[in-house]
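Just so it is clear, none of the values below were taken in a lab; they were calculated from the coordinates. No experiment lies behind these values; they were computed from the predicted model shown.
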Amino acid sequence: MELFINYLRLISVLKRGDDLEQMEIKMIKKIQKGDIRAFEEMVKKYELIVYKIAFKSVGNEEDAKDVTQEAFLKIHKNISKFNFQSKFSTWLYRIVANTAIDFLRKKKTVYSIDQNIEGEEGEFKREIADENEMNQPEKNLEKNEIKLEVQSAILGLSIEHRTVLILREYQNLSYDEISNILGIKVGTVKSRIKRARENLKDKLLETSYLNNKKYEGRE
């Protein structure tokens, strides 16, 4: 009986997924016909995801907003070319990732691991906690410090390594999805992620605060 109930639950989940997919297909087709409200609905659905990818890529709020706006302009301009042969989210991520890459290449910004970095709540100076501070019980402060260290280190990676790492670690995309988004072979995706993790670990180990902490990426 329990097995049957679990089966019914699985069928229900799959049906909800199919229903959501059909709703998205209808929404996209409306956009392709020029429905502005449908486009606004799509923006509301994806704007937070797009912004997060942009922010992780460029490292500050203003540039992330510019990348987000530019990405949605490109999506609106090119959505008539979307042929439903892949997931819409994959197509959308491709535009966002390429927009962020183009932005960084045009700006030619070189990030230093010692420079101030901007978080979602403002700009932070990279400060290494002393031994007394590290022994205090304020775990949230420690987590924030780690978060800022990792963000700073990610910004020190090359554009190619930064992009694959963000898509893999923060968007939880598969190797195949990243391959489709970036238009590169799965083997290339894997090698870039491996190198990106190694470089990120090296940068984190340059700081005394994280010197004894081990970064492990997902397989």
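Quick notes on this structure:
- Pairs from the table (Lys56/Lys185; Lys44/Lys81; Lys56/Lys81; Lys56/Lys190; Lys81/Lys185) lying more than 25 angstrom apart at Cα are Lys56/Lys81.
- Across the cross-link table entries Lys52/Lys74; Lys29/Lys74; Lys29/Lys87; Lys45/Lys201, which are compared at the Cα atoms, the separations over 25 Å belong to Lys45/Lys201.
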